[in-house]
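See structure below.
Nothing in this text is a laboratory measurement; each read-out follows from the coordinates by a stated rule. Values in this document were obtained by computation on a predicted structure and should not be read as measured data. Every residue, glycine as well, gets a Cβ built from its backbone with ideal geometry; the counts of neighbours run over all protein chains shown.
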Ligand code: AQP
């Protein structure tokens, strides 16, 4: 039987953090053995945040190295840069023509980011390009963090609409969420999700040096109490740190609560920092070594783009026929 298909990506829009890792990249690595996988560097989406061109180029290569350092294997997965498969943009445009404006305007990410960057058409149309990124590979599942579920719902709605207007073409892919940590919260504001664009004190980057990790965990916001207890409503900060601890150690939250009963925040935070230093050091070392050979990274991405293009072109042939372009 043919393997099911999984598709997803990460934007090269800044330091990749433990939220991106736990919500997305860790799942990518787990899925590459079971599924036929397409994972990419979402560079066209990163343009919606007006990046410095030189920095963007660097972040694209850095993300490629990080994907590999986290355990993605180009022999098992198709790894590529979104803009190297131009069919994504063509399908994105076609999907724009069946997307109600109101649907785009009500997206939470658009509303949040429009406040920061002003109302740019690219920000508004982000979800239709994302729908194209996904549907062009006709996947069964899309591993994402919880923040992307709304966009995935729109993707499913667009697949349905296209199918009913032009005949059955796309599958409706399901979001694949991690049950334990679908949403990692910001260290400096645990009421909002951890985010690259929220500034370095908000997140632990996968490439942070040990002392930076220790300092960030030490200064992470906690509530005024002293009990190490999971209670996201009343103790958002400590609950977030417990979730992170549990995700990286594999220990349940209940057993961590027991382990730290009667101990203070300082001891808990110091143990968490050492855990993160230890778990991330392997990724960081591998990342630094991979970056020494950028040519070889680009080669992997080129091979990936060629292989992704074949699948994407096949879908586009069918789409062009269905809508009357050919
Ligand atoms: N805080 C989070 N918790 C769990 N998962 C998260 N993801 C992002 N933040 C968290 C997941 O990471 C994947 C890649 O995200 P992205 O780079 O495409 O963009 P994003 O969701 O907008 O991530 P950021 O970090 O907030 O970036 P900026 O600040 O540039 O917008 C997605 O699967 C996402 O769910």
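Structure data summary
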| item | result |
| --- | --- |
| Rg/Rh ratio calculated on Cα atoms of the range 1-135 (Kirkwood radius) | 0.97 |
| Distance from the range 114-168 to the range 91-113 (C-alpha centre basis), Å | 8 Å |
| Whole-number percent relative contact order across the chain, with pairs defined as alpha carbons under 8 Å at least 6 apart | 23 percent |
| Fewest-first ranking of 130, 107, 1, using other Cβ atoms within 10 Å as the exposure measure | 1, 107, 130 |
| Euclidean distance between Cα centres, the range 170-188 to the range 1-44, Å | 12 Å |
| Residue 218-residue 317 pseudo-label distance in nm [points 7 Å out on the Cα-to-Cβ vector] | 6.1 nm |
| All-pairs alpha carbon distance profile, the range 196-288, 10 Å steps from 0, percent | 16, 49, 30, 5, 0 |
| Extended-chain gain in nm, criterion 0.36 nm per residue less alpha-carbon gap, residue 197 and residue 226 | 7.4 nm |
| Antiparallel DSSP beta bridges within the chain, percent to nearest 5 | 15 percent |
| Top of 86, 190, 139 by mean-square fluctuation, Gaussian network on the chain, Cα under 10 Å | 86 |
| Estimated 222 nm signal from helices in the chain, with DSSP H stretches of n ≥ 4 weighted -39500 (n - 2.57), rounded to 500 | -17000 deg cm²/dmol |
| Calculated FRET efficiency for the pair residue 164/residue 292, C-beta based, R₀ 41 Å, to 0.05 | 0.20 |
| Exposure proxy ranking, count of Cβ atoms within 10 Å, fewest first, for 8, 289 | 289, 8 |
| Among 272, 158, 291: highest mean-square fluctuation, GNM of the chain, C-alpha pairs under 10 Å | 291 |
| Modelled FRET efficiency - R0 25 Å, residue 172 with residue 33, Cβ distances, 0.05 increments | 0.55 |
| Nearest 10 degrees, 0 to 90: helix 108-117 Cα axis against the chain principal axis | 80 degrees |
| Residues in the range 179-199 that a label on residue 233 would reach, taking backbone N under 19 Å of a point 7 Å out along Cα→Cβ | 190-192 |
| Whole-Å distance, taken between Cα centres, linking the range 231-251 and the range 71-85 | 32 Å |
| Angle in degrees between helix 294-323 and the longest Cα principal axis of the chain, rounded to the nearest 10 | 50 degrees |
| Distance between modelled label sites at residue 140 and residue 278, nm, 7 Å Cα→Cβ extension | 3.6 nm |
| Near-label residues of the range 77-105 by backbone N, under 14 Å of a point 7 Å along Cα→Cβ of residue 325 | 86-98 |
| The range 1-62, relative contact order in percent, only Cα pairs under 8 angstrom and at least six apart counted | 50 percent |
| Residue 97-residue 47 FRET efficiency (beta carbon distance; Förster radius 25 Å; 0.05 resolution) | 0.75 |
| In degrees, nearest ten, helix 53-70 long axis to first principal axis of the chain (Cα) | 70 degrees |
| Segment residue 264-residue 306, length gained on full extension (0.36 nm per residue, minus Cα span) | 9.7 nm |
| Computed log₁₀ I(q)/I(0) - Debye formula, equal Cα scatterers, no solvent, the chain, q 0.10 Å⁻¹ | -0.60 |
